[in-house]
Amino acid sequence: PYQSKKPGIDVYVDTDLAGCKPTRRSTSGGFAMYGSHQIKHWSKTQSTVCLSSGEAELRGIAEGLAQAIGLQTIAKDLGFDWTIDVHSDATAAIGIARRRGMGRIRHIDCTDLWCQEKFNSGQAKLHNILGTENPTDILTKHVDRGTLLKMLGKVGVKFLDGRSAIAPKTEGMNSVSTRRGRRDMHRTAEC
């Protein structure tokens, strides 16, 4: 839908803790929204193992902030001056990101200090959001159908019945890709 001009982007982030069972690495996810329009999303496994949920969430906040700064740079090239608002439901990570320096945490990463610098300088703002209102839960955790549909609605995704008029026809087995698929399946079966 059409919307009025917005001052900037809202980035919603969330992270699970050690969600990847083989590696025990966490998964970070996020949505970048320009008003009611989703302009980017991501969900990826973090590159290192975290020692706590606060550390994992802080890495997720840093990833969201980096994505937002990248989008802000593209917007500047197009003549827009966007602000950045990052939203997280992780109270411990928000506390670490808002402070200056390591505090009592000795395993803090340079990325975390970079994150603190960006928030403390005012380049971006960090907000707390309720976990039940954070749409990024669907990118990092298994959720029930009701929650999934609610959160997808928050990021502008809706389901429609039927097929688009420009979608390729799927009737019959005469398309080249279908014949190739059957041939490749046959070759696999022979092995």
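Every number in this text was worked out from the coordinates using simple rules, so none of it is lab data. Computed from a predicted structure; not experimentally measured. Here Cβ is always computed from backbone atoms with ideal geometry, including for glycine, and neighbour counts include all displayed protein chains.
About its Cα centre, the dipole of region 14-170 is roughly 280 debye, where the only charges are +1 on Lys and Arg Cβ and -1 on Asp and Glu Cβ.
Were the residues from Lys141 through Ile39 laid out at 0.36 nm apart, the gain over their Cα-Cα distance would be 34.6 nm.
When the C-alpha to C-alpha distance is required to be over 24 Å, the pairs from Lys44/Lys150; Lys141/Lys169; Lys6/Lys141; Lys76/Lys118; Lys21/Lys154; Lys21/Lys150 that qualify are Lys141/Lys169; Lys6/Lys141; Lys21/Lys154; Lys21/Lys150.
If you take all other residues with their beta carbon under 10 Å from the beta carbon of Val11, and give Lys and Arg +1 and Asp and Glu -1, the sum is -2.
Taking a ≥ b ≥ c as the square roots of the Cα gyration tensor eigenvalues, region 1-148 comes out oblate, since a/c reaches at least 1.5 and a/b does not exceed b/c. Ranked by the mean number of other Cβ atoms within 10 Å per residue, highest first, peptides 11-19, 154-162, 81-89 order as 11-19, 81-89, 154-162. Set the Förster radius R0 to 30 Å, insert the Cβ-Cβ distance between Asp81 and Asp109 as r into 1/(1 + (r/R0)^6), and round the FRET efficiency to 0.05. The pair Asp81/Asp109 has a calculated efficiency of 0.50. For region 36-99, the square roots of the Cα gyration tensor eigenvalues, ordered a ≥ b ≥ c, give a/c of at least 1.5 with a/b greater than b/c, which places it in the prolate category. Amide H contacts under 5 Å for Val86: Val11, Lys125, Leu126, His127, restricted to partners 5 or more places along the chain or on a different chain, H placed in the peptide plane at 1.01 Å from N.
Summary of packing: across the peptides 115-122, 69-76, 134-141, the per-residue average of other C-beta atoms within 10 Å ranks them, highest first, as 134-141, 115-122, 69-76.
The distance from the alpha carbon centre of region 71-99 to that of region 2-33 is 12 Å, rounded to a whole number.
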